[in-house]
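*Asks:* What follows is a structure written as structure tokens; I'll ask about it next.
Every number in this text was worked out from the coordinates using simple rules, so none of it is lab data. Because the structure is predicted, anything quoted here is derived from the model rather than measured. For neighbour counting, all protein chains shown are included, and Cβ atoms are generated from backbone atoms with ideal geometry for every residue, glycine included.
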Ligand SMILES: Cc1cc2nc3c(=O)[nH]c(=O)nc-3n(C[C@H](O)[C@H](O)[C@H](O)COP(=O)(O)OP(=O)(O)OC[C@H]3O[C@@H](n4cnc5c(N)ncnc54)[C@H](O)[C@@H]3O)c2cc1C
């Protein structure tokens, strides 16, 4: 098997498949000079299926038993286990397979084109495999309509203990600027802290220097920390899916013509948060199961199962896309926080199932019922995904 892209989804899939299938070998092709990049990836432990929680443990670098959210009219602690893994722990997870020779790395090598059973490298060399997995990261697509989550994060080392006992997943008591804005804080240790300033806005532009200054203000004014050193900075622009064209979302014919997609390039992220770790774990396990059941000629089974996995994902995210349309199109930008403020008044079970994308019909009704935090006429106008796509496509056509 060949995997293109040694990022989160490519490496999690390699790790899972090699752990479970002792006869398998994988070649992973990565454009940069090292695997796993320089990242942190956070998730609720309950986002990961129970039978995979023990397996994912070595990836977890930090774990907290609860976290806080803060809004102008609501503060709450949720007893949901929150975890963070990073590039070092991900590299350590695959290291035994690299040492055994079953995971071969080709670094500083860019793949130009790829198909279900072959890749062509920049320079023209063609490699064949039983199955090719495309894990090259996010690519925009005309059939997918987006808003954006943008952020800048500072990891700081404080001179004295900063005093934060657990993560603040959303502090939306900050000034709302151009969309839903919140600050996210992860206390890695008594003196190490990630502080991230996040914006849910319509466009992908990020004025990161302006945001840097706001983070400094937050650290000084809200956390009361004056003396610290900046040890790492990260920034990101993540897609938030408002609508997906149904013909594209349910197309299974790609299994014949394209490599199997993993991670962000396959649209495998939570529509509301843009986070992809839980979906990457899920897909890794689907690929792994198909290899275990159909070896040695597992290629067709992996392609077939993943084609339907993609369609399932399209259907499972329908409700989340509706919520995004309410957030981005029904709510006024400066009032978007009210949608989340109301959501965090619901039961912990609903919050957990929302992030895991396992909401029941009753949960969905509970989320939509009661006094809406957005104007009803605007909510109804944006309800139908099909009508939304038709309007957005016309707008896009007339702008071109
Ligand atoms: C700053 C930041 C923070 C994030 N935090 C979280 C988080 O806390 N939790 C979470 O769940 N999600 C998070 N995400 C979102 C998402 O999970 C990550 O972007 C994740 O890394 C996506 O995984 P991936 O495998 O799809 O792509 P990537 O991890 O980006 O990997 C793609 C890999 O493919 C390689 N590549 C690309 N093109 C080629 C080519 N032509 N040939 C060979 N190699 C190629 C790239 O060099 C890269 O190594 C974050 C994203 C960002 C940007």
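*Asks:* Report relative contact order for region 205-351 in percent, whole number only (criteria: Cα-Cα under 8 Å, sequence separation at least 6).
*Replies:* Once normalised by length, the contact order is 24 percent.
*Asks:* Measure nothing but the geometry: give the 0 to 90° angle between the long axis through the Cα atoms of 8-20 and the longest principal axis through the Cα atoms of the chain, rounded to 10°.
*Replies:* Approximately 50 degrees, to the nearest 10.
*Asks:* Here is a further query. Suppose R0 equals 30 Å. What FRET efficiency, 1/(1 + (r/R0)^6) with r the Cβ-Cβ distance, do residue 258 and residue 77 give to the nearest 0.05?
*Replies:* With R0 = 30 Å, the Cβ-Cβ based efficiency is 0.10.
*Asks:* Here's a follow-up. Could you tell me the distance between the Cα centroids of region 308-334 and region 157-219, to the nearest Å?
*Replies:* A separation of 25 Å, based on Cα centres.
*Asks:* Right, something else. Fully extended, how many nm does the chain gain between residue 125 and residue 92 (0.36 nm per residue separation, minus their Cα-Cα distance)?
*Replies:* Values: separation 33, 0.36 × 33 = 11.88 nm, distance 3.02 nm.
Between residue 125 and residue 92, full extension yields an extra 8.9 nm.
*Asks:* Still on this structure, please answer the following. Mean-square fluctuation check for the chain, GNM, Cα pairs under 10 Å: which of 107, 12, 146 is largest?
*Replies:* So, out of 107, 12, 146, the one fluctuating most is 107.
*Asks:* Still on this model: Calculated from DSSP H runs of 4 or more alone, at -39500 (n - 2.57) each and per residue, what is the 222 nm mean residue ellipticity of the chain, nearest 500?
*Replies:* -10500 deg cm²/dmol
*Asks:* Which whole-number percent gives the relative contact order of region 327-399, counting Cα pairs below 8 Å spaced six or more residues apart? Kindly include the intermediate steps, with their values, before the conclusion.
*Replies:* Working: 28 pairs, mean separation 29.4, N = 73.
About 40 percent, as a whole number.
*Asks:* What distance in nm lies between label points placed 7 Å from Cα along the C-beta direction at residue 216 and residue 175?
*Replies:* Placing both labels 7 Å along Cα→Cβ, they lie 1.6 nm apart.
*Asks:* Sort the following peptides by mean Cβ neighbour count (other Cβ atoms within 10 Å, averaged over residues), highest first: 48-54, 275-281.
*Replies:* The densest-packed peptide leads the list: 275-281, 48-54.
*Asks:* Suppose the Debye formula is applied to equal point scatterers at every Cα of the chain; what is log10 I(q)/I(0) at q = 0.07, 0.13 Å⁻¹?
*Replies:* The calculated log intensity ratios at q = 0.07, 0.13 Å⁻¹ are -0.34, -1.18.
*Asks:* Once you keep just the Cα pairs under 8 angstrom separated by 6 or more residues, what percentage relative contact order results for region 219-298?
*Replies:* Result for region 219-298 is 21 percent.
*Asks:* Evaluate the distance, in nm, between pseudo-label points positioned 7 Å from the Cα of residue 51 and of residue 38 along their respective Cα→Cβ axes.
*Replies:* 3.9 nm
*Asks:* Still on this structure, please answer the following. Using the beta-carbon distance between residue 190 and residue 66 and R0 = 25 Å, what value does 1/(1 + (r/R0)^6) give for FRET efficiency, to the nearest 0.05?
*Replies:* 0.90
*Asks:* Roughly how many whole Å is it from the C-alpha centroid of region 288-306 to that of region 79-143?
*Replies:* 18 Å
*Asks:* What fraction, in whole percent, of alpha-carbon pairs in region 51-112 exceed 13 Å separation?
*Replies:* Beyond 13 Å sits 75 percent of the P(r) for region 51-112.
*Asks:* Which value in nm describes the separation of the simple spin-label points at residue 141 and residue 248, placed 7 Å from the Cα toward the beta carbon?
*Replies:* That separation, rounded to one decimal, is 0.7 nm.
*Asks:* Moving on. Relative to a virtual label point 7 Å from the Cα of residue 312 in the Cα→beta-carbon direction, which members of region 7-30 show backbone nitrogen distances below 18 Å?
*Replies:* Zone members listed by number: 13, 16-17.
*Asks:* Still on this structure, please answer the following. What is the distance in Å between the Cα centroid of region 231-261 and that of region 335-391?
*Replies:* 22 Å
*Asks:* Beyond 13 Å, what share of the Cα-Cα pairs of region 327-399 remains, rounded to the nearest whole percent? All intermediate terms of the calculation are to be shown ahead of the outcome.
*Replies:* Values: 1879 of 2628 pairs.
For region 327-399, the share of Cα pairs beyond 13 Å comes to 71 percent.
*Asks:* Given a 10 angstrom Cα cut-off, can you work out which residue in 132, 174, 260 is the most mobile in a GNM of the chain?
*Replies:* 174
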